[in-house]
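See structure below.
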Amino acid sequence: MARPLRYQTAGESHGPALVAIIDGLPSDLEIDVARVNAELARRQGGYGRGARQKIETDIAEFLGGLRQGKTIGSPVALRVANKDNRIDDPTKTPAVTRPRPGHADLAGSLKYLVPDCRGTLERASARETAARVAAGAVARSVLDAFGIRVFGFVRGACDAWCSPDVRAETLDALLAARDASEVYCPDAAIDARLVDLIHRAKTEKDTVGGWCEVHVVGCPPGLGSCMNWDDRLDARLAFAVMGIQAFKAVEIGLGRECGARFGSAVHDPITYDAGRASMASLGYERPTNNAGGLEGGMTNGMPIIVRGTMKPISTLLRGMPSVEFGSHEPAQSAYERSDVSAVAAASVVMENVVAFEVARAFLDKFAGDSMREVRGAYDAYLAAARTI
Ligand code: EPS
């Protein structure tokens, strides 16, 4: 019985570990463990990160679901250990009583009725994204098996942004450029400006956010569904991306710019080129991709394009106006060790949560207990779709 792909995480920032359980993977799927760990290492990087990343070496330890590197059809369990494990030592995790504007501190203390923000911030911390990156990187092995590639990068921040031409043909060069960049931005000129911007924020004891973008290349048409609102893949992607700590907006394709144009300048014309019938588009070509690969909540054979906006980190070295719990007197917000910018890391998180959602939609359409059945369903579908 094929179960829907889903996952859950547990763990606090300074607890013993972060864990993830991934349910619904078919059997006989080879998991690229080296890539899972490479993604975890990438998540720890990027210019502007704080001292925590020098303490940790994030590695996924698989506790269940695999035999000799392949799934057996059972839930996959993994653990990423925290070296900075001090949650039970009150001297090393003192009470936080001056909530930071923008963080979960105030809302969490009011929700859980605790005059110490520590409990909420331990779970709200973006450290949890290590577990989400690992879960996405595991599920991504499904996409690898069908030649579907996922590419995430930093598009920019403030007044510096790039618009790379992402296509199957340009992907390798863009990947190399992104991996050579300190802020995971494939445009060298913008990379330098972003480094300057983050440096300036640091000097001013301030923080900076930015925009991340993810492209999924090689997706067959028909992933997601227009039949039920919660099966629409654009809706699922928005949910997943908005669920990343500090994300405040999600766009698909042209996104909010759609509101500024007439229909003829938004919708992507449809043409047919028999010579490209073996491509993901099955020959249906679109000279533009304003839809971001999704129409009616379903993939249309063009690359999926998702953009997310990350707000600046809410822990400012210089603080922000706040109030002391108990006395209710004005006070500058508390400072906790943090990052000046985590936008590069966020692009890795976004890449992997998007990969997870696409893998989920893929397995919904081509469901099977084993990879052999999934492949059979995929091949049969493509053969049928080519007759349309
Ligand atoms: C993070 C770990 C955290 C923070 C950051 C991201 O570690 P620590 O709190 O021990 O320094 O650096 O978390 C936040 C930005 C936040 O608001 O909590 C990580 O591993 O990504």
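Of the listed residues LEU223, LEU113, the order by accessible area with a 1.4 Å probe, largest first, is LEU113, LEU223.
For the range 265-388, the solvent-accessible area of protein heavy atoms averages 43 Å² per residue (probe radius 1.4 Å; ligands and nucleic acids excluded). Label zone of ALA41 (point 7 Å out along Cα→Cβ, amide N under 18 Å): in the range 101-132 this covers 130-131. For the pair the range 98-126 / the range 325-388, the C-alpha centres are spaced 25 Å from each other.
Here the spin labels are modelled as points 7 Å beyond Cα on the Cα-Cβ line, and at SER327 and ALA377 they lie 6.2 nm apart. Per atom type, the chain shows carbon and sulfur on 57% of its accessible surface, probed at 1.4 Å.
If I take R0 = 45 Å and measure r between the Cβ atoms of LEU317 and GLU169 in this structure, what FRET efficiency does the formula 1/(1 + (r/R0)^6) give, to the nearest 0.05? About 0.55, to the nearest 0.05. Multiplying the residue separation of THR387 and CYS258 by 0.36 nm and removing their Cα-Cα distance gives an extension gain of 43.2 nm.
Each of VAL96, ALA81, ALA157 was placed along the dipole of the range 60-167 (beta-carbon charges, centred on the mean Cα), and the one lying farthest toward the positive end is ALA81.
Extension gain, GLN8-SER370: 0.36 nm per intervening residue step, less the Cα-Cα distance, totals 128.1 nm. Accessible surface calculations at 1.4 Å, restricted to protein heavy atoms, place the range 15-149 at 43 Å² per residue. From helices alone, the chain scores -9500 deg cm²/dmol at 222 nm; the rule is -39500 (n - 2.57) for each run of n ≥ 4 DSSP H residues, then divide by the residue total.
Between the range 1-71 and the range 228-287, the C-alpha centres lie 28 angstrom from each other.
At an R0 of 51 angstrom, the distance between the Cβ atoms of ASP32 and ALA192 translates into a FRET efficiency of 0.95.
Spread over its residues, the convex hull of the C-alpha atoms of the range 252-316 is 116 Å³ per residue.
The values are calculated or read from the model by the stated rules, or taken from the named source; none is laboratory data. In this text the structure is predicted, and so the values were computed from the model without any measurement. Methodologically, a virtual Cβ is constructed for each residue, glycine included, from the backbone with ideal geometry; neighbour enumeration extends over all protein chains shown. Protein only, heavy atoms only, side chains kept; ligands, DNA and RNA dropped before computing areas. Shrake-Rupley method; radii C 1.70, N 1.55, O 1.52, S 1.80 Å.
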